[in-house]
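Below is one structure, written out as structure tokens; comments come after it.
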Amino acid sequence: MAAKPPTTIQRRIVVAAGICVLAFTFVGIRLVDLALLKGRQTGPASVAENAAVVRADIVDRNGRLLARDLPVFDLYAQPADFWDKTGAARGLARVAGVSEARLARAFAGKHRYVLVAKQITPVTRDNVMRLGLPGLEFQPSTKRFYPEGDARQVIGMTQAVSGGRGIAGIEKGLNAQLAAGKPAQLSLDMRIQYALLHSLEATQAKYNAKAAGGIVLNVNTGEILAMASLQDPKRAGYDPTRNIMAANDYELGSVFKVLAFALALQDHTITFDTMFPVGPGFKIGKFTIHDAERMPAVMAAKDILAESSNAGTAQIALRSGPERQKQWLQNLGLLQATHTEIPERARPLYPTNWGQVETATIGFGHGISVTPLAFVSAVAAVVNGGRRIQPTFLKQDGDRRGAQILSPETSLKMRELLRYVVTNGTGKNADVPGYDVGGKTGSAEKNDHGRYIAHKLLTSFCAVFPVDNPRYLVFVMLDEPHGESAVMALAGHTAAPLAGDVIAHIAPMLEMPKTAAAVPIPGKGNS
Amino acid sequence: MIARVLNFFFVGLAALSCLALYRVSENTRVANMELTSINHQIAQEKSTMNVMQAEWQRVANPGRIQKLAQAYLGMNDAPVMELSSFETLPRRGENPMDANPVQNASVTMPATANTNLHLVVARN
């Protein structure tokens with residue numbers, strides 16, 4: 001018996017059932033899609049989309065907060081809503097810390113909206129709300145907050161407006177990264193920064209110096225652990241935001257002799273015991289180079305550095321010659337501006353005509369002006385085994401030494417010489433028991449309109465420790481320190497003890513073990 | 001007859017599905033509101049934590065701590081020579097004072113408001 005064909009109603013029911021099944025299948029698929037697949041992503045993604053990108057934090061190498069955007073509010077008022085405008089002005093002025101007279105005048109005027117205060121904190125906002133005044137509006141914004149001012153010249157600042165771009169220091173140099181919400185971890189260690197700043201402040205006050213500055217640098221990574229610039233607020237041109245260690249050029253004087261000796265030892269033009277006539281001064285062309293203090297008639301090279309003889313160093317520099325000296329300083333990066341993450345930098349100043357006289361004076365640090373940051377980068381390369389480093393304000397991992405520009409043997413000899421300066425020479429006051437400090441003093445007469453002024457000194461000390469395997473370099477500088485006498489204002493009595501004080505404070509923080517192994521020091525009469 | 005039963009069945013199924021969907025939709029809406037509220041709370045808490053972290057950083061500044069320590073604890077800026085390492089401490093079982101036994105020890109508190117502790121160890 002043949003099957004009965006479906007009736008019209010049956011066909012319609014089947015079609016309707018099919019549509020229902022399709023519809024529910026679609027709904028089911030969509031539910032699975034939302035619940036299991038997209039649904040899991042929707043929550044956090046939507047939150048992230050809603051959250052406005054704020055300028056990212058800046059932290060030090062230990063995660064200590066250095067800069068952060070905090071929520072603040074701009075407070076506006078509609079005076080028409082106040083039933084007692086005088087009372088409202090008084091209350092708002094008291095809570096928001098603004099002028100009552102200004103508010104009273106503004107409330108009495110015809111303006112519909114009056115700006116009461118900009119960038120009030122959430123706590124102040126709560127206090128304002130407790131006044132119970134009608135007609136107040138809080139416009140949310142952000143303010144860049146710097147919890148510590150110890151490294152203000154490095155960190156810099158942003159424009160005062162909400163979401164403002166960086167205008168100085170790291171804030172400017174890393175503006176794109178920070179504005180994109182990516183935090184920056186600096187190489188600075190705020191414990192070291194404080195110790196450096198504290199010692200600088202005390203020494204600047206002690207010697208009534210015009211300015212003071214310091215740098216602590218890791219010689220193997222180029223990381224700058226601390227950098228401080230201090231100026232005397234009573235002097236003309238005072239600018240507390242200026243980073244004099246990165247943006248100012250200085251004729252650093254005798255501390256520069258380290259570079260002349262490194263080149264001479266590298267080229268084997270001298271040994272520790274090569275003798276030079278020093279006593280009566282050194283005549284070159286129509287000039288005679290004298291020493292600030294009386295020197296023996298003849299001195300060994302190592303004693304020329306230890307006693308910081310200009311006449312002796314000039315002769316050593318001349319053995320290298322102008323071309324070689326210029327090439328050497330070029331290799332050390334001293335003839336171009338030093339680029340780091342901060343925009344503050346300065347081009348070095350050096351003679352266009354680099355002749356014999358210039359070679360002699362540059363040997364002992366006159367006739368060339370560089371930034372202290374550029375100088376410490378060069379010295380780091382001399383003592384770290386002879387490899388160039390790139391100074392950086394960002395935290396780094398591992399050894400970042402670059403191209404070899406000095407042999408490891410010469411680097412070792414230089415470390416021995418620097419230790420000799422501290423044990424037997426002008427750097428005695430920089431020594432710290434337990435840490436073998438090596439270093440060099442610099443007492444440069446300042447140049448005032450082409451004339452060197454004897455009583456205006458720029459004293460500095462460049463120290464490395466521990467000298468057998470240097471890890472850190474400490475450079476300190478005092479601008480016009482005033483000692484009890486002219487001699488007491490020299491670097492050996494001002495900058496050297498300052499460097500020692502800094503090392504004594506920071507070495508335990510840097511977990512530096514006290515050195516047990518003796519460092520071979522070239523004693524008198526041997527090399 | 002079968003068609004009528006099927007009709008009722010599917011209409012009933014559709015009605016139940018509507019109710020179920022409405023319930024799910026309502027639960028989702030409520031959950032979404034709770035989520036928004038919780039997210040708002042989290043954002044507020046984070047904002048408060050950000051402010052407190054910044055405030056903590058300000059009050060824990062080494063300079064401020066040093067001033068407070070000097071003013072209220074009588075502490076000094078100790079040079080490194082006064083610090084020591086763990087290696088120099090006596091190990092367990094070792095006589096800490098060479099071969100000489102400690103006879104007595106006392107802690108004296110100065111009569112003034114200064115809270116410095118002076119540990120006096122007398123030896124043979």
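The values are calculated or read from the model by the stated rules, or taken from the named source; none is laboratory data. What you see is a predicted model; the values in this text were computed from it and never measured. Because the Cβ atoms are built from the backbone with ideal geometry, glycine has one as well, and the counts that use them run over all protein chains shown.
If the condition is being touching a helix residue (DSSP H, G or I) at 6+ places or on another chain (Cβ under 9 Å) and either at pLDDT 90 or above or surrounded by fewer than 12 Cβ atoms within 10 Å (Cβ to Cβ) (or both), then region A:6-26 contributes A:THR7, A:ILE9.
Rundown of residues vs (1) outside the structural domain of A:ARG400 (by TED's automatic domain parsing); (2) of a type in the set (A, V, I, L, M, F, W, C), yes/no style:
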site	(1), (2)
A:LYS143	yes, no
A:GLY156	yes, no
A:GLY173	yes, no
A:ALA202	no, yes
A:GLY214	no, no
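Within region A:151-173, restricting attention to residues that are crowded, with 23+ Cβ neighbours inside 10 Å and assigned to a loop (DSSP other than H, G, I, E, B), which residue is farthest from the other protein chains (Cβ to nearest Cβ)? Among those residues, the one meeting the criterion is A:GLY156. Of the residues making up region A:472-496, not one is buried (at least 24 other Cβ atoms within 10 Å of the Cβ) and over 27 Å from the mean Cα position of the chain (by Cα).
Looking across A:LEU217, A:LEU200, one residue alone is modelled with pLDDT of 95 or more, closer than 15 Å to A:VAL154 by Cβ and touching a helix residue (DSSP H, G or I) at 6+ places or on another chain (Cβ under 6 Å). It is A:LEU217. Taking region B:60-76 as the range and being surrounded by 12 or more Cβ atoms within 10 Å (Cβ to Cβ) and in a loop (DSSP other than H, G, I, E, B) as the test, the residues that pass are B:ALA60, B:ASN61, B:GLY74, B:MET75. Here is the figure for region A:275-312: residues that are among the charged types (D, E, K, R) and in a strand (DSSP E or B) total 1. The residues on offer are A:ILE405, A:ILE342, A:ILE362, and the sole one that is under 21 Å from A:LEU188 (Cα atoms) and touching a helix residue (DSSP H, G or I) at 6+ places or on another chain (Cβ under 9 Å) is A:ILE342. Annotation: of all residues in region A:356-380 being in contact with a Leu (Cβ under 6 Å, 6 or more places away or on another chain) and small (Gly, Ala, Ser), the one that is surrounded by the most Cβ atoms within 10 Å (Cβ to Cβ) is A:GLY365. Among the residues making up region A:412-465, those that are part of a loop (DSSP other than H, G, I, E, B), on the phi < 0 side of the Ramachandran plot and surrounded by fewer than 24 Cβ atoms within 10 Å (Cβ to Cβ) are A:GLY425, A:ASP431, A:PRO433. Does B:ASN27 meet the test of being more than 8 Å from chain A (Cβ to nearest Cβ), in a helix (DSSP H, G or I) and over 20 Å from A:ARG64 (Cα atoms)? Taking the combined requirement at face value, the residue satisfies it.
Do you know which residues across region A:301-346 are within 24 Å of A:MET227 (Cβ to Cβ) and of a type in the set (Val, Ile, Thr)? Listed by number, the residues that qualify are A:THR338, A:THR340, A:ILE342. Has region A:388-406 got any residue that is surrounded by 20 or more Cβ atoms within 10 Å (Cβ to Cβ), of a type in the set (Gly, Ala, Ser) and in contact (Cβ under 8 Å) with a residue 40 or more places away in the chain? No, the conditions are met nowhere in region A:388-406.
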